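The values are calculated or read from the model by the stated rules, or taken from the named source; none is laboratory data. Note that the coordinates shown come from a computational prediction; the quantities given were computed from them, not determined experimentally. No Cβ is skipped: glycine too gets one built from the backbone with ideal geometry, and neighbour counts run over all protein chains shown. Surface areas here come from the heavy atoms of the whole protein model, side chains and all, with no ligands, DNA or RNA. Shrake-Rupley method; radii C 1.70, N 1.55, O 1.52, S 1.80 Å.
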Amino acid sequence: MSRLRELQRNGRIRNIELAARANLSESACLRRVKLLEHTGVIDSYTMNLDQSAVGLPGNVFAEITLVSQKREDLDVFETAVARVPEVMECYLLAGEYDYLLRVVVEDAIDYERVHHESLTALPGVARIKSSFSLRTITKRQDLPLG
């Protein structure tokens, strides 16, 4: 688990440094990382950009209710929502509404554009309830590994 914690903190860490921190030989460390990649434990390597620095400081959470919850209707919606570039996350839920989306925008005017051009055009949408985030309190990338 210590290797995974270290890789979560710094996905660009050199193998020699990771091996030293994990008390492994370089070859053993590299084999284990390759195994983690092969088995899907390591999903991908990414670089996180600062939303505000790239002109997208706003987060809007959109609660989406569909007309129908038939499997084929869900599939059509999910395929379409995945194509909306401003939708950073989309979760299928059990409860009052069907999906929760996190949408990144410049400001309220930009969200109006996304809402009008993209969200209301998604197939099967019956209702959208939007909430604007005032401030991010905590945002984690690292999973809590034992």
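Using a 1.4 Å probe on the protein heavy atoms, what percent of the accessible area of the chain belongs to carbon and sulfur? Don't skip to the end; give the middle numbers.
Details: 5380 of 10190 Å².
Looking at the chain in its full context, I get 53 percent from C and S.
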Estimated translational D of the stretch 95-146 in µm²/s (Stokes, Kirkwood radius over Cα pairs; 20 °C; 1.002 mPa s): 157 µm²/s
Surface accessible to a 1.4 Å probe, Thr65 within the full protein complex, Å²: 20 Å²
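Calculate, for Ala108 and Lys139, the FRET efficiency according to 1/(1 + (r/R0)^6) with r their C-beta to C-beta distance and R0 30 Å; round to the nearest 0.05.
Numbers: r = 21 Å, r/R0 = 0.71.
The formula returns an efficiency of 0.90 here.
Calculate, for the chain, the solvent-accessible area per residue in square angstrom, rolling a 1.4 angstrom probe over the heavy atoms of the protein chains.
On the way: 10190 Å² over 146 residues.
Ligands and nucleic acids excluded, the figure is 70 Å² per residue.
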Mean ellipticity per residue at 222 nm, deg cm²/dmol - from DSSP H runs of n ≥ 4 across the chain, formula -39500 (n - 2.57): -9000 deg cm²/dmol
Nearest-10 value in Å² for the accessible area of Lys129, using the 1.4 Å probe: 110 Å²
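Would the chain count as rounded, prolate or oblate if I go by the C-alpha gyration tensor, calling it rounded below 1.5 in a/c and otherwise prolate when a/b exceeds b/c, oblate otherwise? Kindly include the intermediate steps, with their values, before the conclusion.
Numbers: a/c = 2.99, a/b = 1.97, b/c = 1.52.
Prolate, since a/c reaches 1.5 and a/b exceeds b/c.
Could you please put Asp43, Asp110 in sequence from largest to smallest accessible area, using a 1.4 Å probe? Can you show the working numbers first?
On the way: Asp43 140, Asp110 20 Å².
Largest accessible area first, the residues go Asp43, Asp110.
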